[in-house]
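The values are calculated or read from the model by the stated rules, or taken from the named source; none is laboratory data. Keep in mind that this is a model prediction, so the values were computed, not measured. Positions of Cβ are backbone-derived with ideal geometry, glycine not excepted, and every protein chain shown enters the neighbour counts. Only protein heavy atoms, including side chains, enter the accessible area calculation; ligands, DNA and RNA are left aside. Shrake-Rupley method; radii C 1.70, N 1.55, O 1.52, S 1.80 Å.
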Amino acid sequence: MFMSLSSFSAPFSFSEPSVSRPITSLCSTPRKVSLRIFPDAVDNFHSLTGRRLVCYGGGAKLCRRFYGLKLWILENINLQQRNRKRGRANEFKSIRSEEKDPLTNHLETTSSFGVGDIRMQNDSNEKTSTTVQHEASSSPHHQPDGSIASMESKPVIQAHSSSFSFEGREAPSLCIAVIGATGELARTKIFPALFALYYSGFLPENIGIFGYSRKNLTDEELRNIIASTLTCRIDHQQNCGDKMDIFLSRTYYLNGGNDNIQGMSKLNTLMEQIEGESEANRIFYLAVPQEALLDVTSSLARNAQTQKGWNRIIIEKPFGFDAPSSYQLTQSLLSKFEEKQIYRIDHLLGRNLIENLTVLRFANLVFQPLWSRTYIRNVQVLLSEELGVQARRYFDGYGVIRDIVHSHILQTIALLAMEPPISLDGEDIRNEKVKVLRSIRKMEPSDVILGQYKGSTGDKVDVSLNSLTPTFFAAALYIDNARWDGVPFLIKAGLGLIKHRVEIRIQFQRVPGNLYRDRIGHNFDLGTNELILRDAPDEAILVRVNNKIPGLGLQLDSPELNLLYKDKYKVEVPDSYEHLLLDVIDGDNHLFMRSDELAAAWNILSPVLNEMDKKNSVPELYELGGRGPVGAYYLWAKHGVPWAED
């Protein structure tokens, strides 16, 4: 019978019970340790079939996997001795399986473990003595203070070896490097998303994960940092601990120092050693500040790309400060990478609401004939956040326009309004999206409302006095093409509002010559059909219809037909970073902005940004925890649209 503890395997062959066994253990240094130190954990060892036991366990955890081995040995010795003459002794055969993790001398230190062999033999007195002996090597591994680590001590920290061998471990077919690995984004979002994909089986078992930053850490220290942020699926939980151990054992760290050219060369060396001679692809997630992006990408392009597979880079928003700076960044990237290698990520576009837009539009006949100016009166894209969402990101000069509107809001409108693509290929969808963005009329200042919540002493930053950076943006957009001519797309994005809300509201035209207009009441808008796609607070699809209230008489109501995801689908919704990282691995780029989409989006917003730079447009103050600037109500009324929250 085989018991799976993790990816490492160490088979042990035996024939007869015996008294003692020299063990070549994982703990690398020649030393005998009595197995009496091990507590009872017999459940780590199952029954044997054909006198052969196979244990599985992560290299970093294998020492702990031997707890309880003594009891298992004693049980089997007593069982077999009943049917054998006293004094009979045979040697057990040993099978040696070594797992090495050597890296280069000039890189960071890490823990290294080998897998030992087990021998047992009987003495004439039937006195059982069990010892553990570390495998001798030409270069014993010492701790920094010169002492030799024992089995019960912490993993041995040693300098990386210049040679490399993947004996017992398959070389990775995919390597992912997180540049800026010690930052908050990497710790709280990227590494947890990578582990979630690994745990769910969407990453190859032999993947290599690399952390790169300027901090002086070891592999084990990085693993300890990210281990606390890793969780398993609530609806699975099978082998969670083992999967986590394997994932962490495949995570390495490199201190890049202050010179990214040398740092990327070292990273390339490390990745080549882990990859061996096999073909391997590489993904580089650049979780770095905008001011460091050009230096990092330049060094990476020259020194860290593989020649044995494809290379892809992931860049976080914002993608420039304005049209000129974005153009400069784009030209720099395209001089070093092909467009198909660049993935500009916006985590808001990884939400299920966005992923479902094309499905709703092109997989449901009921919506296809209605999706135009003939039947749709207006479209509203709403995103409001409570104050708890990192407020300071708005006060570094970027603001809500550059952070949310430029990417998330405009990309949502493009997916809503685009023509059917010729296929679901990412480039075909991007081609249709950019057509929509180029058709959007440049914003008029009169159709834009800027706001800023009133700061207080408790906010630490009194934005009403120290900055003109907007925390609220509302505008009316028009798409000048045959499908959408004259239909207002109203957008609202703000921070510090009454509640967290993310939704798209599609309001249809009034029924011409409605026979029931007298039954609807004085507010004719209440009788207007709506399609509501809600992401937060509870993900749902709602359709507002007119319906007769049961009973005598004829009274109409406008209820919502409700598909509430949490009631219909009993599954845990993956984080948006998981969606987008999987898309990068699969080469699906339809939710990532192409360079021409980027330029088109800046062209839409440039008139507003120019007015802000000239201080011709001053944000209107609004109460923290309120509904936003009063001017937004008047903007909605100007275009004949009722305020959504009313």
Toward the positive end of the charge dipole of segment 174-316, about the Cα centre and with charges on Cβ (Lys, Arg +1; Asp, Glu -1), which of Ser299, Leu203, Met264 goes farthest?
Ser299
Can you pick out the pairs among Lys492/Lys566; Lys189/Lys336; Lys499/Lys570; Lys308/Lys435; Lys317/Lys492; Lys454/Lys614 whose Cα atoms lie more than 31 Å from each other?
Lys308/Lys435
Dipole magnitude of segment 174-316 about its Cα centre, charges +1 at Lys/Arg Cβ and -1 at Asp/Glu Cβ only, in debye to the nearest 20?
180
Under the definition of Cα pairs under 8 Å and six or more residues apart, what whole-number percent is the relative contact order of segment 174-316?
31
Using the per-residue mean of other Cβ atoms lying within 10 Å as a proxy for protection, in what order, highest first, do the peptides 436-442, 419-425, 332-338, 267-273 fall?
267-273, 436-442, 332-338, 419-425
Judged on accessible area alone, 1.4 Å probe, highest first, Asp586, Asp322, Asp346 line up as Asp586, Asp322, Asp346
Keeping all protein chains in the complex and leaving out DNA, RNA and ligands, what accessible area do you get for Leu531 with a 1.4 Å probe, in Å² to the nearest 10?
0
Most to least packed among 398-405, 373-380 [average Cβ atoms within 10 Å]
398-405, 373-380
Quick check: with the 1.4 Å probe, what order do Ser558, Ser173 take by accessible area, largest first?
Ser173, Ser558
Where a ≥ b ≥ c are the square roots of the eigenvalues of the C-alpha gyration tensor, would you call segment 174-316 rounded, which needs a/c under 1.5, or, failing that, prolate if a/b is larger than b/c, or oblate?
prolate
Rounded to a whole number, what % of the accessible area of segment 570-646 do carbon and sulfur atoms account for, probe 1.4 Å?
52
With a 10 Å radius around each residue's Cβ, average the other Cβ atoms per peptide and rank 621-634, 589-602, highest first.
589-602, 621-634
How would Leu370, Leu365, Leu217 line up by accessible area, probe 1.4 Å, largest first?
Leu365, Leu370, Leu217
